[in-house]
Amino acid sequence: MGNDGGSLPTRNELVKEPPKSRPLDIDLKRSLKQSEITQCSITGDNLSPPIVSCGLGRLYNKASILQMLLDRSSVPEAPTHIHSLKDVVEVHAENEEENKVSWVCPITRHEMSSAYQFAYIVPCGHVFEYSAVREFGEKNCFQCNAPYEQENIIPINPNGEQIQALSKRLLMLTKSGKSHSLNLKKVSKKHKNQEKKRKHSKESDEVPSLTFIDSDSSLAKKRKPDYDGTSSTDSVKKERIKT
């Protein structure tokens, strides 16, 4: 059975296929991803040592973080999860020059790009290709031999699933009183006072107050001196002896 002159519809005419990504869109995504590993996440300036990273795997120039901590109003999009330098870790590339960083994995020799995701280890901050350090299976840094746990391998510029895992890690660290760098968080005076009051209140509830009565002192208070200076108790004793 035909349509308009007996022609049969083709499969492409009947089934609508999703539009294919154009080369321009792919190039744009690659360009954006490349900028995330070459530019400061706060200012957009090119990364230059010293470079730091937060618990969500973003890269910053350390100078930008210091400026933000001094005056948050100067940084409109200041990250809210960074409150001190304890919330970032200084990351170390294999080849660092004055104004340029070459991120090369010492294990695979791959250079960090949109094609290869890299990661760093907390607390030492050494950088490796993510897949290599995960598969390496060691508990000590390949560069400095510092011990580390698997959950402290931080992917740089993570995807959505990785961001969820990193956010959960930060939450667990906060509950244990630690920062992203695994250092103890500074407790404010207000929080200390509240904790002290809570502890004091708890101790008061647990320990009942006891009143001790000194029988001798209470008896002494009841005794009244006679006219001759002796107490009434002494007078009673003397009368008993006479009888």
Got at least one residue in region 154-172 being among the basic types (Lys, Arg) and modelled with pLDDT of 95 or more? yes
Search result, residues across region 65-94 that are among the acidic types (Asp, Glu), assigned to a loop (DSSP other than H, G, I, E, B) and crowded, with 20+ Cβ neighbours inside 10 Å: none
Qualifying positions in region 73-89 - out of contact with any helix residue (DSSP H, G or I) (no Cβ under 9 Å at 6 or more places or on another chain) and without any contact (Cβ under 8 Å) to a residue 60 or more places away in the chain: SER73, PRO76, GLU77, THR80
Is region 113-132 home to any residue that is within 28 Å of LEU171 (Cβ to Cβ) and without any contact (Cβ under 8 Å) to a residue 24 or more places away in the chain? yes
Hey, can you tell me all the residues within region 36-64 that are surrounded by fewer than 16 Cβ atoms within 10 Å (Cβ to Cβ) and assigned to a strand (DSSP E or B)? ASN46
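The values are calculated or read from the model by the stated rules, or taken from the named source; none is laboratory data. Just so it is clear, the model here is predicted, and its values are computed rather than measured. All Cβ positions, even for glycine, are placed from backbone atoms using ideal geometry, and neighbour counts span all protein chains on display.
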